[in-house]
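The values are calculated or read from the model by the stated rules, or taken from the named source; none is laboratory data. Keep in mind the model is a prediction, meaning the values are calculated, not measured. Here Cβ is always computed from backbone atoms with ideal geometry, including for glycine, and neighbour counts include all displayed protein chains.
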Amino acid sequence: MKIILTIFFYLCFVTMLQWCNKNDSDTPSVSTITSVKIITDKACYSPGGHVTFTIDNAIQETVKVRYRHLTEVVGETELTGTTWSWTAPSADFTGYLVDIYKMNDDGTEHLYGSIAVDVSSDWVRFPRYGFLSKYPQLTEASIKYVISDLARYHINGLQFYDWHYAHHKPLSGTPTNPDQVWKDIANRDTYFSTVKSYIDMAHSYNMKAMFYNLAYGALSNAESDGVSDQWYMYTDASHTNKDRLDLPAPMFKSKIWLLDPSNTGWQQYIASQNRDVYQVLNFDGYHIDQMGNLNHTLYSYSGQVIDLQASFGSFIRTVKSDQPGKKLVMNAVNQYGQQYIAQSPVDFLYSEVWGPNDGYKDLAVVINDNNTISENTKNTVLAAYMNYDLANSTGFFNTPGVLLTNAVIFSFGGSHLELGEHMLCKEYFPNSNLQMRGDLRDAMISYYDFLVAYENLLRDGGTINSPDLSCYSIQMPINNWPPQSGKVSVTGRDMDKMQVIHLINFSSATSLFWRDNSGTQAVPGTFRKVKMIFKTDKTVKKVWVASPDLNSGTPEELDISSGAGSVSFTLPELKYWDMIVVEYQ
C-alpha cells in the first residue's frame with residue numbers, strides 16, 4: 001500500500017509540476033512593471049536626426065535609458081526629468097528599441113517601459129500605412145490628437161480616403177480659387193482647411209500624405225468637365241453601354257463610371273487634374289485604387305477588348321512621369337494586376353485581401369508572392385479588414401483575432417493598414433462601428449513598437465525557410481508553417497549570419513481564418529519554460545528571444561547547450577508570438 005501511495009503522490013507531483021510549468025513562471029530575468037508611457041516627437045527620423053522623448057510621469061529613483069539595435073547596446077544614459085533627447089545614429093534604414101530600466105539588488109532588471117525608433121531616410125522602405133476618412137470642420141487640437149496618436153504607432157504614411165470632390169476632378173474649384181467646402185461621393189461635407197491641416201500636421205510628425213483616388217473613375221457630370229466618351233470602358237463592342245459602379249442614392253451623389261486606364265487621353269487628363277491638386281495641397285503622392293476583377297469583358301470606344309490589369313502599368317508610368325517627385329502606390333484588389341503593378345514605378349506594394357484568401361496561410365502567400373514579383377525590392381502593406389461581420393453593428397474588436405492576424409502579417413514581413421481615426425473593419429473606411437478596448441490598444445502599441453524595433457529582421461531581406469526546431473516533450477505541440485489547429489506554428493527567415501524563428505500560437509485557435517468574422521477567436525493558452533532544440537550545422541554564438549507580448553519587446557539572451565549539430569535552450573514564455581534569433585559565429 002505504501003508503494004502504491006508513493007507512486008500516486010509522485011504522479012500527482014509530476015502532474016502539478018507540468019501544470020505549473022505551463023501556467024506559472026519562475027522569477028524572470030526582467031521584472032516588468034510598465035509604470036511610464038513613452039512618446040517621441042516624430043513617427044520616424046532621418047539618420048543623425050534629433051529625437052525627443054517624453055514620459056508621462058517622473059520616476060523618483062535613479063534609472064537609465066538604454067538604446068539598442070537588436071541586442072547591441074549603442075548608447076546608455078542616466079535619466080533625469082521627463083523629457084530628454086538623443087541624436088539618432090547615422091546608419092540608414094535601421095530600427096532601435098529604447099527602454100528605461102534599473103538594476104534590482106538581486107541582479108534582475110526592473111523595466112519601466114520601452115519605445116521603438118525608426119531611422120530611415122525614405123518611409124517607403126518600411127511602410128507603416130494608416131488612413132484618414134472624414135474631413136469635417138475640425139479644430140487644430142482635434143487634428144493633432146489624431147495625428148499624434150498615429151505617431152505613437154509609428155505610422156509613417158497616411159492614405160487620405162475619399163477626400164476628393166469627384167473621381168475625375170479631385171480638386172473642387174480651381175488651383176487659384178479652390179472651394180473651401182464640398183460634398184464627397186457620400187454627400188459628406190469636406191473642408192479644405194481640414195484636409196490641408198491634416199497634411200501639415202502629418203508633415204510635422206514626419207509622416208507622408210497620400211491622396212486617394214481611383215485609376216479609372218468619373219461621376220455623372222464628367223462630360224461638362226472635359227471627359228470624352230472615347231475614354232470610357234464599355235460592356236459592348238459598339239460603345240453603347242458604359243461600364244459603371246452603381247451606388248445607392250441619396251447616400252451617394254453619383255454612380256461611378258469607369259474609364260480605360262490605358263487610354264492616353266484619360267491618362268493625360270487625370271495627370272493634369274493631379275497637378276491641380278499638388279498646386280494647392282502638399283500631398284506627397286497618389287494612392288491609386290481599383291475595383292479588382294470586374295468579371296466581364298471590357299471594350300474600348302473603338303471596340304477593342306481591354307486587358308484591364310495589363311493597363312495598370314502604363315497608367316502608373318504616365319502619372320509618375322508627370323510628377324516624378326511624388327510617391328505612388330496602387331491597390332491590387334485580391335492581387336488583381338499585381339504582376340503589372342509590381343513592375344511599374346510604385347514605391348511599395350498594397351494588397352487588399354478578400355476570399356478565397358481567407359486563411360492565415362493565405363496572408364503569408366500574398367506577402368511572399370509580392371516579394372517574388374518585385375524581386376524583393378518592395379515591401380507589402382495588406383488591407384485586411386478584421387471582424388467583418390461583427391462590424392455590421394456597433395461593438396468592439398476581438399483582441400486575439402487582431403493580434404494573431406498581425407503576428408502572421410508582421411512575421412512574414414508585411415504591415416497592416418488598420419489604424420486611422422478609428423480601427424478599420426470594412427472596406428468603406430468611414431465605418432467606425434467597432435472600437436478598440438484598452439487591452440487591444442495597449443497591445444497594438446507593443447506590436448507596432450516590435451515591428452519597428454526589429455524591422456531589420458522582419459522586413460529587410462533574408463529568405464523564408466522552415467527551421468528544424470523541436471520540443472523535448474509534447475508540452476507545446478509545434479508544426480512547420482502553414483498553421484494547424486491546436487499547435488504552435490513555426491516559420492523562419494535565414495539572414496545568413498542569423499536564423500530568425502517565429503512561433504505563432506494557434507494552440508487554442510477556434511478557426512484558422514484570419515478575418516475572425518464574428519469575433520470569436522480565442523485567447524491562446526500561455527506556454528512557459530519550454531525546452532527546445534534547434535538543429536544546425538553552423539557554430540552558434542548565442543540565442544535570444546523577443547516578443548511583443550512580453551517585457552515590452554526587449555530581447556532576452558538565453559542559456560544554451562550546444563551538441564553535435566544542434567543547440568538546446570529553454571523558451572521563457574509564449575502567448576501569441578515569439579521571435580527567437582540564433583546568431584552564428
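Only one of these is small (Gly, Ala, Ser) and over 19 Å from Tyr129 (Cβ atoms): Gly285, Gly303. Name it.
Being small (Gly, Ala, Ser) and over 19 Å from Tyr129 (Cβ atoms) holds for just one of Gly285, Gly303, which is Gly303.
Is it the case, given these coordinates, that Ile504 is outside any loop (DSSP other than H, G, I, E, B) and under 20 Å from the mean Cα position of the chain (by Cα)?
Yes; evaluated as a whole, the condition is true for this residue.
Would you confirm, using the coordinates I've provided, whether Leu328 is among the hydrophobic types (A, V, I, L, M, F, W, C), more than 18 Å from Ile367 (Cβ to Cβ), under 20 Å from the mean Cα position of the chain (by Cα) and crowded, with 17+ Cβ neighbours inside 10 Å?
So Leu328 fits the description; yes.
Of all residues in segment 94-144, which are of a type in the set (Gly, Ala, Ser), without any contact (Cβ under 8 Å) to a residue 40 or more places away in the chain and outside the structural domain of Asn431 (by TED's automatic domain parsing)?
Gly107
Considering each residue of segment 122-156, count those that are under 19 Å from the mean Cα position of the chain (by Cα) and part of a loop (DSSP other than H, G, I, E, B), and give that number.
9
Can you tell me which residues in segment 68-93 are without any contact (Cβ under 8 Å) to a residue 40 or more places away in the chain and either assigned to a loop (DSSP other than H, G, I, E, B) or of a type in the set (Phe, Trp, Tyr) (or both)?
Those that are without any contact (Cβ under 8 Å) to a residue 40 or more places away in the chain and either assigned to a loop (DSSP other than H, G, I, E, B) or of a type in the set (Phe, Trp, Tyr) (or both): Leu79, Thr80, Gly81, Thr82, Trp84, Trp86.
How many of the residues making up segment 75-111 are in contact with a Lys or Arg (Cβ under 8 Å, 6 or more places away or on another chain), surrounded by 13 or more Cβ atoms within 10 Å (Cβ to Cβ) and not hydrophobic (A, V, I, L, M, F, W, C)?
Summing the residues that are in contact with a Lys or Arg (Cβ under 8 Å, 6 or more places away or on another chain), surrounded by 13 or more Cβ atoms within 10 Å (Cβ to Cβ) and not hydrophobic (A, V, I, L, M, F, W, C) in segment 75-111 gives 7.
Just one of (1) over 28 Å from Cys425 (Cβ atoms); (2) polar (S, T, N, Q); (3) in contact with a helix residue (DSSP H, G or I) (Cβ under 9 Å, 6 or more places away or on another chain) trips up Gln585, so point out which.
Among (1) over 28 Å from Cys425 (Cβ atoms); (2) polar (S, T, N, Q); (3) in contact with a helix residue (DSSP H, G or I) (Cβ under 9 Å, 6 or more places away or on another chain), the lone unmet condition for Gln585 is (3).
Output the number of the condition that Ala222 fails; it satisfies all remaining conditions of (1) over 21 Å from Met330 (Cα atoms); (2) within 35 Å of the chain's Cα centre (by Cα); (3) among the aliphatic types (A, V, I, L, M).
(2)
Condition first: touching a helix residue (DSSP H, G or I) at 6+ places or on another chain (Cβ under 7 Å) and part of a strand (DSSP E or B). Now tell me which residues in segment 566-578 satisfy that.
Trp577
Could you list all residues from segment 353-384 that are among the hydrophobic types (A, V, I, L, M, F, W, C) and crowded, with 17+ Cβ neighbours inside 10 Å?
Correct list: Val353, Trp354, Leu363, Ala364, Val366, Ile367, Ile373, Val381, Leu382, Ala383, Ala384.
Name the residues in segment 507-535 that are part of a loop (DSSP other than H, G, I, E, B) and of a type in the set (D, E, K, R), would you?
Arg515, Asp516
Restricting to segment 443-493, what's the tally of residues that are β-branched (Val, Ile, Thr) and either within 30 Å of Ser120 (Cβ to Cβ) or assigned by TED's automatic domain parsing to the domain that holds Lys361 (or both)?
Going through segment 443-493 one residue at a time, the tally reaches 6.
I'd like the residue in segment 147-189 that is surrounded by fewer than 21 Cβ atoms within 10 Å (Cβ to Cβ), in contact with a Lys or Arg (Cβ under 9 Å, 6 or more places away or on another chain) and among the polar types (S, T, N, Q) and, out of all such residues, is farthest from Lys255 (Cα to Cα).
Restricting to residues being surrounded by fewer than 21 Cβ atoms within 10 Å (Cβ to Cβ), in contact with a Lys or Arg (Cβ under 9 Å, 6 or more places away or on another chain) and among the polar types (S, T, N, Q), the top hit is Ser172.
Considering only segment 241-263, how many residues are over 33 Å from the mean Cα position of the chain (by Cα), over 24 Å from Asn293 (Cβ atoms) and touching a residue at least 40 places away in the same chain (Cβ under 8 Å)?
Adding up the residues that qualify gives 1.
Any residue in segment 398-410 that is of a type outside the set (A, V, I, L, M, F, W, C) and surrounded by fewer than 19 Cβ atoms within 10 Å (Cβ to Cβ)?
No: segment 398-410 contains no residue that is of a type outside the set (A, V, I, L, M, F, W, C) and surrounded by fewer than 19 Cβ atoms within 10 Å (Cβ to Cβ).
Considering every residue within segment 225-232, establish whether at least one is among the aromatic types (Phe, Trp, Tyr), surrounded by fewer than 22 Cβ atoms within 10 Å (Cβ to Cβ) and either in a strand (DSSP E or B) or within 27 Å of the chain's Cα centre (by Cα) (or both).
no
For Asp243, indicate whether it is within 16 Å of Thr297 (Cα to Cα) and crowded, with 17+ Cβ neighbours inside 10 Å.
It is true that Asp243 is within 16 Å of Thr297 (Cα to Cα) and crowded, with 17+ Cβ neighbours inside 10 Å.
Can you find a residue in segment 536-544 that is surrounded by fewer than 20 Cβ atoms within 10 Å (Cβ to Cβ), touching a helix residue (DSSP H, G or I) at 6+ places or on another chain (Cβ under 7 Å) and assigned to a loop (DSSP other than H, G, I, E, B)?
Within segment 536-544, not a single residue is surrounded by fewer than 20 Cβ atoms within 10 Å (Cβ to Cβ), touching a helix residue (DSSP H, G or I) at 6+ places or on another chain (Cβ under 7 Å) and assigned to a loop (DSSP other than H, G, I, E, B).
Select from segment 548-562 the residues that are buried (at least 16 other Cβ atoms within 10 Å of the Cβ) and more than 11 Å from Val581 (Cα to Cα) and list them in ascending order.
Pro548, Asp549, Leu550, Asn551, Ser552, Gly553, Thr554, Ile560
Taking Phe312 and the conditions (1) under 30 Å from Leu403 (Cβ atoms); (2) assigned to a helix (DSSP H, G or I), which numbered condition does it fall short on, given that it satisfies the others?
Condition (1) is where Phe312 drops out.
What number of residues within segment 289-309 are among the aliphatic types (A, V, I, L, M) and either assigned by TED's automatic domain parsing to the domain that holds Asp200 or part of a loop (DSSP other than H, G, I, E, B) (or both)?
4
Looking only at helices (runs of 4 or more DSSP H) that fall completely inside segment 322-427, which ones have 3 or more residues that are hydroxyl-bearing (Ser, Thr, Tyr)?
399-411
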